[in-house]
Amino acid sequence: MGHNYAKPLTAEARMERVFSRLPEDWTVKMERQRGEKWAVLMQRPDGMLHQETADSLIEALEEVWRALR
């Protein structure tokens, strides 16, 4: 009997998943200074905001999304 394991998502697929779920009225700011980590800030319309830094852009996006959804 074979096993059907899910293939891990690529970074591009993970980004598409986060971006497709972001409401249009949320503020999103992404930046990286030379030699620094990625910083992502998101703010909901109710004023709640969260910021994360990470080595990769997708890691920072996912962490902020999890904190605010």
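Where a number appears in this text, it was derived from the coordinates with a stated rule and is not lab data. Just so you know, these numbers come straight off a predicted model, no measurement behind them.
Springs between alpha-carbon atoms under 10 Å, Gaussian network over the chain: tell me which of 43, 33, 51 tops the mean-square fluctuations.
Sorting by GNM fluctuation, first place goes to 33.
Size of the chain along its principal axes in angstrom, Cα-based, largest extent first?
So the three principal-axis extents are 52, 32, 16 Å.
Taking the chain as the reference, fit the longest principal axis to its C-alpha atoms, fit the long axis of helix 11-21 to the helix C-alpha atoms, and give the angle between the two in degrees, 0 to 90, nearest 10.
Computed tilt is about 60 degrees.
Which one, 21, 34, 44, has the greatest fluctuation when you compute a Gaussian network model over the chain with C-alpha springs under 10 angstrom?
Comparing 21, 34, 44 in a Gaussian network model of the chain, the most mobile one is 34.
Kindly provide the helix-only [θ] at 222 nm of the chain, computed as the sum of -39,500 (n - 2.57) over DSSP H runs of four or more divided by all residues, to the nearest 500 deg cm²/dmol?
Values: 2 runs with 23 residues, N = 69.
One gets -10000 deg cm²/dmol as the mean residue ellipticity at 222 nm.
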